[in-house]
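> Structure provided below as structure tokens; questions to follow.
The values are calculated or read from the model by the stated rules, or taken from the named source; none is laboratory data. Because the structure is a prediction, the values reported are computed rather than measured. Note: ideal-geometry Cβ built from the backbone for every residue, glycine included; neighbour counts use all protein chains shown. The accessibility values were calculated without ligands, DNA or RNA, using every heavy atom of the protein model including side chains. Shrake-Rupley method; radii C 1.70, N 1.55, O 1.52, S 1.80 Å.
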Amino acid sequence: MGNCFAYDINIRTYDHLRDEDVSYPQYLMVLHLPKNLSDWIDHNGDGITLKNKCYWVSLKGLPESANKTSVTVHIPESQIVTVDVLRGFVDQASKMRLSA
């Protein structure tokens, strides 16, 4: 699977994100934050700029967990959220809505 990092989510969120019967794509996104707020976000008249990496993973179709409170999800370090990735997500969501 390559390099991944582990992230714990509650079981309700896991079950929601792994559901295959949805009319739009769902992703878990995790933003790595440095300790100093000014090191990762900037706001100006043009919008917000995030200065650190954000990662994504789709849990769609993953198996039910026997855990009762939380699940550890493994997110590939190669799945970085970029402008092109976000555009792809929007395109995929548009196509799913058109076919519904």
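> Which GluC sites (Glu not before Pro) in the chain pass both tests, a DSSP loop state and at most 10 other beta-carbon atoms within 10 Å?
Loop-located and lightly packed - E20, E64.
> Could you do me a favour and compute the accessible area per residue for the chain, 1.4 Å probe, result in Å²?
Accessible surface, normalised per residue, equals 73 Å².
> Could you grab the relative contact order for the chain? Cα pairs under 8 Å, six or more apart, rounded to a whole percent.
41
> Under the rule a/c < 1.5 gives rounded, and otherwise a/b versus b/c splits prolate from oblate, where does the chain land using the Cα gyration tensor?
In terms of gyration-tensor shape, oblate.
> While we're on this one: Hey, can you grab everything whose amide H is under 5 Å from the amide H of V73? Only 5+ residues off in sequence or another chain; H modelled, so Pro and N-termini drop out.
The list, which skips near neighbours in sequence, is Y7, D8, I9.
> Share of the chain's accessible area from carbon and sulfur, percent, 1.4 Å?
51
> Testing the spin-label approximation: label points 7 Å from Cα along Cα→Cβ at D84 and S65. State their distance in nm.
Here the modelled spin labels are 3.2 nm apart.
> Please identify every one of the trypsin sites (Lys or Arg not before Pro) in the stretch 38-100 that sits in a loop by DSSP and has no more than 11 other beta carbons within 10 Å of its own beta carbon.
K51, K68
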